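Have a look at the structure below, then the notes.
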Amino acid sequence: MHPPISQAAKRTSLPLLALFCLLPAVQTAVSIHFHWYTNLTYPVFKLLMIALPITLWWLSGLSLAEVCRLCGCLRTTMLGGLGLGLLMAAVVLTGYYVFLQRHVNPLPILDKVRSLGLFPYYWLMAVFISLVHSLFEEYYWRAFILTQLAQRIRGPLVLSLIAGALFGLHHIFVLLSLFQLSLVILCVLATMLAGFAWARMRLAGYSIWDCYISHVFADLAVMWIGYDLILRAK
């Protein structure tokens, strides 16, 4: 079923909705791919993406309880999220070790981590991305963008496909400097599929916490692959 969109604010204008959807891609392009003042632009974009939904909900006159209900903050055992997360992690790791490991050049990964000054703190970064950044992405994509899109798109399958495609889009700029184009396309399609699965989970009535816990396991698998590539490059 759809999240309770009916209590949401007035429908966001199409240009503004497009801006909301493309903002993460702009952020990754500016801060990660082009390295334009990363220490400044990265936190500024993140704070903007945290503040925008809060501002829109506040202007809509929604109470905290209504916002929580809108975002899917439901009680859950998180068994659904745990099951999906373990499945995603298994698929990611199997795909890497069985099919991709010997085809991936690890040097760009090591260079990127060093260029960002994160080489000595890889696992701190990995834990932050897996536990904190994944929570931010669920907040922005499944709590905010999905409910915004649902104001205009009623078919759950089409809605999930569009939400998944948009979620995968901003990963392009993270991956372009790391892998050859064919692998970038494969990885982006994988993130689109993950975004589709999490959108379908939300629309099926699962708590956003289920999306989060499965997101954590998927990201931990990706971070392990990054670590394996760094070890191969050293």
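Every number in this text was worked out from the coordinates using simple rules, so none of it is lab data. From a predicted model like this one, the values you see are computed outputs, not experimental measurements. Counting neighbours? That spans all protein chains shown, and the Cβs are built from the backbone with ideal geometry, glycine included.
Over the chain, what is the mean sequence separation of C-alpha contacts under 8 Å (at least six apart), divided by residue count, expressed as relative contact order in percent?
Dividing the mean separation by the residue count of the chain yields 38 percent.
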Measure out, as a whole number of angstrom, how far apart the alpha-carbon centroids of segment 206-234 and segment 93-132 sit.
10 Å
Nearest 10 degrees, 0 to 90: what angle lies between the long axis of helix 79-95 and the longest principal axis of the chain (Cα atoms)?
30 degrees
Measure nothing but the geometry: give the 0 to 90° angle between the long axis through the Cα atoms of 38-59 and the longest principal axis through the Cα atoms of the chain, rounded to 10°.
20 degrees
With springs connecting C-alpha atoms under 10 Å apart, model the chain as a Gaussian network and identify which of 171, 103, 215 has the largest mean-square fluctuation.
103
How many nm separate the modelled label positions at residue 87 and residue 39, each set 7 Å beyond the Cα in the direction of the Cβ?
4.4 nm
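What's the exposure ranking of 60, 115, going from fewest to most Cβ atoms within 10 Å?
The order, fewest Cβ neighbours first, is 115, 60.
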If we count other beta carbons within 10 Å of each Cβ, what is the order of 223, 88, fewest first?
223, 88
For helix 181-203, report the angle its Cα long axis makes with the longest principal axis of the Cα atoms of the chain; keep it between 0 and 90° and round to the nearest 10°.
30 degrees
What FRET efficiency, computed as 1/(1 + (r/R0)^6) with R0 = 41 Å and r the Cβ-Cβ distance, is obtained for residue 59 and residue 234, rounded to the nearest 0.05?
0.20
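If I take R0 = 35 Å and measure r between the Cβ atoms of residue 99 and residue 66 in this structure, what FRET efficiency does the formula 1/(1 + (r/R0)^6) give, to the nearest 0.05? Before the final figure, lay out each step's value.
Values: r = 46 Å, r/R0 = 1.31.
In this case the efficiency is close to 0.15.
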At a 4.7 angstrom Cβ threshold, list every cysteine in the chain that has nobody to pair with, or say none.
21, 71, 187, 211
Of all the C-alpha pairs in segment 8-233, what % are more than 33 Å from each other?
16 percent
